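The values are calculated or read from the model by the stated rules, or taken from the named source; none is laboratory data. Predicted model only: the values in this text are computed from it and were never measured. Using ideal geometry, Cβ is built from the backbone for each residue, glycine included, and neighbour counts are taken over all protein chains shown. Ligands, DNA and RNA are excluded from the accessible area calculation, which covers all protein heavy atoms including side chains. Shrake-Rupley method; radii C 1.70, N 1.55, O 1.52, S 1.80 Å.
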Amino acid sequence: MRAGAAILTIVAFASVPLWLRDPYLMNALITTGIFIIGAMSLNLLLGFTGQLSLGHIAFFGIGAYVSALTSLGFDVGLPFGIRIVHVPWPPIVGFVLSIVVAGLCGYLVGLLSFRVRGAYFVIVTISFAEVVRLVALNWIELTQGPLALTNIPPISIGLPAVGSLILRTKFQNYYLVLVVAVAAYVLIARLVHSHFGRSMRGLMENETLAVSVGIDVTKTLTLAAVISAAIAGAAGSLYAHYIRIIDPEVFTFINTVTMVIMVISGGKGSLAGPIVGGLIFGLMPVFLRPIVAPEAQWIAYGGVLIAILFVLPRGIVPSLAQRLAKRSSKTGVVEPVAFLEPSAKEHA
């Protein structure tokens, strides 16, 4: 039942370019999909380990810059007369490197910051994001600073019978984002339902008890940070090669807040929560823009968020799944929404 519902959902998303002809809406769906991938990566930390990272956009931006610089090339000078010259590499290599470098940065941040908890961890992540933003802003020789990196080439994929397929169109980029989003979802789902996932949830629910049964806190949280950062780096790479221009504004705090809203409104700790929340809050500005003033858009944005959390305090997916589970227990019918979040037994 769960697998069938998941497959039908993927098929539904895959059919969108076949009937949606509005390029503006298609562009909105692509950018929303990229931020949903980022939200899914944040949910791995916030939803399954209970660690709130308000600097998560740093890994997104690092992935964007690493992928862009890899495909554009650079020539920078370092102290002691050292000069590094990098010739452009294929964008797909930049995509892979963005995952690796973002993951390594996640390891560094996790190793240093998971020795503290609560507000201290939040401050560390915010500080890291601000440091990365200042580097991107001031290292003009490498990043062009506020002038931005421009003419970033689109991702190309080598196919045996066709040759190199350059993903320029919105149609092609939509499917690229969909494939990466599905891969991220499957990876996170496998992790959550593994022994490692049970360790993460154990630390979130009762750290003292988890430590008493032999769970290594720092190792578990650091590995979760590495995977989360790597997925965010992949999303950043997709963003850079789709938008084809990147500047330090990508590190703005509002982008992190957007990911947090997607996770919280959809339901943290549920696999589909960031997807549902992302679709609502990613596409809402698109539909509000033609009918209300910019100030009213933010009021509506906040009003919808408050309404969701007031009516469905656990978020959309967990709250609806809980209500449908109660209904099915009375009727004896298994509801298909069960695939959207880990089972109650796993939470116990």
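Observations on the structure shown:
- Check on residue 223, over 17 Å from residue 317 (Cβ atoms), open to solvent by 30 Å² or more (accessible area, probe 1.4 Å), in contact (Cβ under 8 Å) with a residue 12 or more places away in the chain and in a helix (DSSP H, G or I): yes
- Candidates 10, 36, 30: the one that is closer than 25 Å to residue 154 by Cα, touching a Pro at 6+ places or on another chain (Cβ under 9 Å) and either in a helix (DSSP H, G or I) or among the acidic types (Asp, Glu) (or both) is 36.
- Matching residues in the stretch 160-185 - criterion: being farther than 30 Å from residue 24 by Cβ and open to solvent by 50 Å² or more (accessible area, probe 1.4 Å): 160, 161
- Residue within the stretch 148-165 that is among the aliphatic types (A, V, I, L, M) and over 30 Å from residue 21 (Cβ atoms) present: yes
Here's the yes/no breakdown for (1) among the polar types (S, T, N, Q); (2) open to solvent by less than 60 Å² (accessible area, probe 1.4 Å); (3) without any contact (Cβ under 8 Å) to a residue 12 or more places away in the chain; (4) part of a loop (DSSP other than H, G, I, E, B):
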{"site": "100", "(1), (2), (3), (4)": "no, no, no, no"}
{"site": "112", "(1), (2), (3), (4)": "no, no, no, no"}
{"site": "122", "(1), (2), (3), (4)": "no, yes, no, no"}
{"site": "128", "(1), (2), (3), (4)": "no, yes, no, no"}
{"site": "135", "(1), (2), (3), (4)": "no, no, yes, no"}
{"site": "142", "(1), (2), (3), (4)": "no, yes, no, no"}
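- In the stretch 203-219, the residues that are among the small types (Gly, Ala, Ser), part of a helix (DSSP H, G or I) and surrounded by fewer than 17 Cβ atoms within 10 Å (Cβ to Cβ): 212
- For the stretch 247-268, the criterion of being closer than 19 Å to residue 95 by Cβ and more than 13 Å from the chain's Cα centre (by Cα) is met by at least one residue.
- Looking only at the stretch 61-98, and only at residues there that are loosely packed, with under 14 Cβ neighbours inside 10 Å and not aliphatic (A, V, I, L, M), the one that is nearest to the chain's Cα centre (by Cα): 73
- For beta carbons closer than 6 Å, sequence separation of 6+ or different chains, a first residue in the stretch 147-171 that is under 17 Å from residue 246 (Cβ atoms) and small (Gly, Ala, Ser) and a second that is at pLDDT 85 or above and loosely packed, with under 13 Cβ neighbours inside 10 Å, the qualifying pairs are 148/245.
- One residue stands out in the stretch 307-316 among those that are assigned to a helix (DSSP H, G or I) and surrounded by 13 or more Cβ atoms within 10 Å (Cβ to Cβ): the one that is nearest to the chain's Cα centre (by Cα), namely 316.
- Residue check for residue 101: at pLDDT 95 or above and either among the β-branched types (Val, Ile, Thr) or on the phi > 0 side of the Ramachandran plot (or both): yes
- Each residue in the stretch 253-306 was checked for being β-branched (Val, Ile, Thr), more than 18 Å from residue 53 (Cα to Cα) and buried (at least 20 other Cβ atoms within 10 Å of the Cβ), and 2 pass.
- Residue match in the stretch 227-241 (condition: under 21 Å from residue 72 (Cα atoms) and open to solvent by 30 Å² or more (accessible area, probe 1.4 Å)): yes
- Residue 34 meets the stated requirement of being of a type in the set (A, V, I, L, M, F, W, C) and modelled with pLDDT of 90 or more.
- Check on residue 319, modelled with pLDDT of 85 or more, in a helix (DSSP H, G or I), more than 23 Å from residue 256 (Cβ to Cβ) and open to solvent by less than 90 Å² (accessible area, probe 1.4 Å): yes
- Meets criteria (touching a residue at least 24 places away in the same chain (Cβ under 8 Å), farther than 23 Å from residue 19 by Cα and open to solvent by 30 Å² or more (accessible area, probe 1.4 Å)) for residue 188: no
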